[in-house]
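One structure is given here, and the rest of the page talks about it.
The values are calculated or read from the model by the stated rules, or taken from the named source; none is laboratory data. None of the values given here were measured: they were computed from a predicted structure. Please note: Cβ atoms are built from the backbone with ideal geometry, for glycine as well, and neighbour counts cover all protein chains shown. Just so you know, the surface numbers come from the protein's heavy atoms only, side chains and all, with ligands and any DNA or RNA stripped out. Shrake-Rupley method; radii C 1.70, N 1.55, O 1.52, S 1.80 Å.
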Amino acid sequence: METIKDIINTLTAPEILITLAAILLFVSARYRHLFYTNKVALILFPAMFVFMAISMFDEDFYLIVTKPDNVPIVGMLFLIPFFTWLSMREAVRNDKRTEEGAPLIEKEETADKVLTWPDLVYTELIAIVLLTVLLVGWSILIPAPLEESANPAATPNPSKAPWYFLGLQEMLVYFDPWLAGVVFPGLIIVGLMAIPYIDTNPKGNGYYTFKERSWEIMTFLFGFLILWVLLVILGTFLRGPNWNFFGPYEYWDTHKLEALVNVDLSDYFWVRLLGMGRPDNILVRESVGFLVVLGYFLVPPMLLAKTIFKRFYENLGPARYHIMVFLLLCMASLPIKMVLRWLFNLKYIIGIPEYFFNI
Amino acid sequence: MSQLKDLLSNLSPAKLGEAIQKSQIYRSVFRVGVPVSDRKRMLVMLGNVFLHLHPVKVRKSGIRLRFTWCMGGITFFLFLVLTFTGLLLMFYYRPTIEYAYVDIIDLREQVPLGIMREIHRWGAHAMVISVWLHMFRVFMTGSYKPPREFNWGVGVILLVLTLLLSFTGYLLPWDQLAMWAITVGSNMARATPFAGYEGPGANLLTLGENIPLISSTSDARFALLGGTRVGEMALLRFYVLHCVGLPLVAGFLMAVHFWRIRRDGGISGPL
Amino acid sequence: MSKVNPPRPAAKRGEPADAGRRSFFSWMSLAWVSFTASMLAAGTATARFMFPNVLFEPPLTFRAGRPEELQVGIVDERFKDSNQVWLVRDGGGIYALSTTCTHLGCTPNWLSAEQKFKCPCHGSGFYITGINFEGPAPRPLERFAIDLADDGQLVIDKGRKFQQEKGQWELPGAYLEF
């Protein structure tokens, strides 16, 4: 038992967990005919449930899962995978029908129009009644979280943002607040709103399909499931005192020591590569970083337009294409910075704390 | 004696119901009456201002549970629940440092039906999840594509408003959880480029030689908190935003959102 | 009873009409410009409304006891709760460190066993001097102006801050030689 716990504790380390989840997402999409089926769901979801139930016998696991503010995330742990599975199952079914020349599931009934009263109105009534019962039951069973009265002098350890912002807080490990807390959230909002104007693929409008828009769906799933939901879960369950990582069965030890000595790119370049001191002039010191960042945003769009994104460039035109690639590069910068941190302890690519300009 | 018997037989539930339905009051309120025929079922949808949110007829495929998941409707219902319970909570809660925390405890210990705050809190969490799932479903069915581009944008703003509503509400219990979550959250505003005093570019904005334009008492965070720290003014500001400001904006945009669903081709389905 | 309305020459008819349209447009543009300007002014004034002039917060300057009360190498936490300041005395003098983490404004804890300030929010670590050495904090803790008053008490002025990365720790006021 202890060995299993140890293995799970190791596997849930951020670098391994995020990598494994990304692999699972892509492999399951590649073999979606086998993965998103009723059989898999009948095994997977009960297995998840049993796993949770057994784990509750572990004291540390029990403590973190039953923390009042974490209850909704435990629900989300089941809801999000379930609905991902459901939508992908529908998509696989529809794709199969299209291949066989049969009409879509939705299309079979499109012509059928039903009266809103009673068909829809009663569905809504039932949903409302069930939800009310759920909400009242939940409220009676579990008191809402309330800690000690606010004290500006005593910072609790760990201090966490509201759970739905924990993805952003996890991002703060890799980026400075002006990026993780201001620029990226802004870009997420703008990027989401831009989706309908960038995605000009006319197919897949109003029905589940994977094959006809696999690129769009994979990008969205990666962003939503890995870079948002998974980071929320990671921040909720696996980040303990001092924002250190703790496995699900690990005791939250305030004194756990973790070497967090990170190195700037300018250090790598001037000190370790060239063997000299860091130049005093800020612009010279950070010139490498500026080149890297500028190169990152300028070179790939041009290269991609000629190679694998040629199709996009021709279909979208330059304006749409460049906006799309810019948003994608911003999105990709998070996993890239993560990997750089895990592999090289890289702190800043550009580090100018004098002007609060760190990337 | 026989008259009394007649009277009693007239008082049977069925006959009573009939009498009520024939009364002038009932017919003035429910013009159409009980929707028993298809014609009346259509008329009831047209005649009722709330039901009028829906069309008279809908695609059968569009209202299949495995297609729509009902998440948009659930989100709206949760918004109504939160408005109602929030209104009730406002009768007891005073947004000052002195009373806020005590009032929250009283809401559980002293106020009758001590689960009002629980419903409000859990409902808010549930609403965040249901909004995410609604967006997820709309994406997976490609329902943001023309002609629904604009409504997707409105939806994204509503998602942000939901998060902001939840965030502003987080401070109100004035406990450690609230205080530090908002401290961490609001400190990000300190790093806003140019507008936060620890943001990149802020120290380039100066009056003359060395009077900084953006300082800890004139930056974005200061405007948000009404002070340099999470204190009395911050509590009041978050309270006003939570109870009046943001719900008004959200309600306005919801009206646009629902109206555009009808205008842009009804609930989604294959074209 | 004039029965004839003599037709006016075409040139004369066109001229005043053109001029009228032109003046109309210039009036319109003036109206739009002033409308936009007044809306901008109203917006700015409303935004300014959100910045209070008077704060109900503790004063920025406070007295912190006599310097002899501090021991060399010990972080004094008496003013952490009330004024968000640590006083540290080293071999040569005394400095006042801000208790606000430079990452996201949490309050770090002084861990005397490990001789470091450790922030519970995101794990930033600072030496006793305030220099950051681990975690996401981008720069050292700030120091506040420190001086001796006439009565021999320390005076801390939180209105003046000194940032190490800008070389301000060398400035007078950042460090009280004692």
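Some points to look at:
- Simple label model, 7 Å out from Cα along Cβ direction - A:Arg97 to A:His33, nm: 1.8
- Legend: mean number of C-beta atoms from other chains within 10 angstrom of residue C-beta atoms, peptide C:97-104, equals 4.
- Buried accessible area, chains C and B (both chains, 1.4 Å probe, Å² to nearest 100): 1400
- Extension gain from A:Ala332 to A:Thr307, taking 0.36 nm per residue of separation minus the Cα-Cα distance: 7.2 nm
- Size of electric dipole in chain C: Cβ of Lys, Arg +1 and of Asp, Glu -1, about Cα centre, debye, nearest 20: 1940
- Here the dipole of the stretch B:18-124 is about 1040 debye; that uses its Cα centre as origin and unit charges on the Cβ of Lys and Arg (positive) and Asp and Glu (negative).
- Taking chain A as the region of interest, the number of lysine pairs whose Cα atoms are within less than 19 Å, with members eight or more places apart or on different chains, is 11.
- At R0 = 60 Å, FRET efficiency that the Cβ-Cβ distance of A:Glu2 and A:Leu187 yields, to 0.05: 0.85
- Mean-position separation - Cα centroids, the stretch C:31-55 and the stretch A:76-113, in angstrom: 52
- Ordering B:Ile214, B:Leu11, B:Leu225 by Cα displacement along the dipole of chain B toward the positive end leaves B:Leu11 in first place; charges were set at the Cβ atoms of Lys, Arg (+1) and Asp, Glu (-1).
- Using the Cβ of B:Lys60 as centre and a radius below 14 Å, the other residues enclosed give a net charge of +1, where K and R count +1 and D and E count -1.
- Within the accessible area of the protein assembly as shown (1.4 Å probe), percent carbon and sulfur: 68
- Interface residues of the stretch C:127-159, defined as those with an accessible-area decrease of at least 30 Å² between the chain by itself and the complete set of protein chains (probe 1.4 Å), are C:Glu134, C:Gly135, C:Pro136, C:Pro138, C:Arg139.
- Residue among A:Gly137, A:Ser149, A:Tyr122 farthest towards the positive dipole end of the stretch A:98-169, charges placed on Cβ: A:Ser149
- Where A meets C: accessible area buried, both sides, 1.4 Å probe, Å²: 2000
- Going from the isolated chain to the complete set of protein chains, the stretch A:158-174 loses at least 40 Å² of heavy-atom accessible area (1.4 Å probe) at A:Ser159, A:Pro162, A:Trp163, A:Tyr164, A:Phe165, A:Leu172.
- Taking chain A as a Gaussian network of alpha-carbon nodes connected by springs under 10 Å, the highest mean-square fluctuation of the residues A:Ile126, A:Ile217, A:Ile323 belongs to A:Ile126.
- Average accessible surface for the protein assembly as shown: 51 Å² per residue, computed with a 1.4 Å probe over protein heavy atoms with every protein chain in place.
- Computed E for B:Leu207/B:His52 - FRET, C-beta separation, R0 60 angstrom, nearest 0.05: 0.60
- The residue list B:Ala178, B:Tyr239, B:Leu253 was ranked by how far each Cα lies along the charge dipole of the stretch B:65-263 toward its positive end, using unit charges on Cβ atoms, and B:Leu253 comes out on top.
- Counting only cysteine Cβ atoms and a cutoff under 4.7 Å, the protein assembly as shown contains unmatched residues A:Cys330, B:Cys70, B:Cys243.
- The contact between chain B and chain A removes approximately 8600 Å² from the accessible area (both sides summed; 1.4 Å probe; ligands, DNA and RNA excluded).
- Pairs of Lys residues in chain C that lie 8 or more places apart, or on two chains, and have C-alpha atoms under 25 angstrom apart add up to 13.
- Neighbours of B:Arg190, meaning other residues whose beta-carbon lies under 10 angstrom from its beta-carbon, give a summed charge of -1 when Lys and Arg score +1 and Asp and Glu score -1.
- Förster-model FRET efficiency, 56 Å R0, A:Met56 and A:Glu108, C-beta, rounded to 0.05: 0.80
- Cβ-placed point charges (K, R +1; D, E -1), dipole of the protein assembly as shown about Cα centre in debye, nearest 20: 4620
- Label-point separation in nm, C:Leu60 to B:Phe252, each point 7 Å along Cα→Cβ: 3.7
- Contact with the other protein chains removes 50 Å² or more of accessible area, compared with the isolated chain and a 1.4 Å probe, from these residues of the stretch A:241-289: A:Asn242, A:Leu260.
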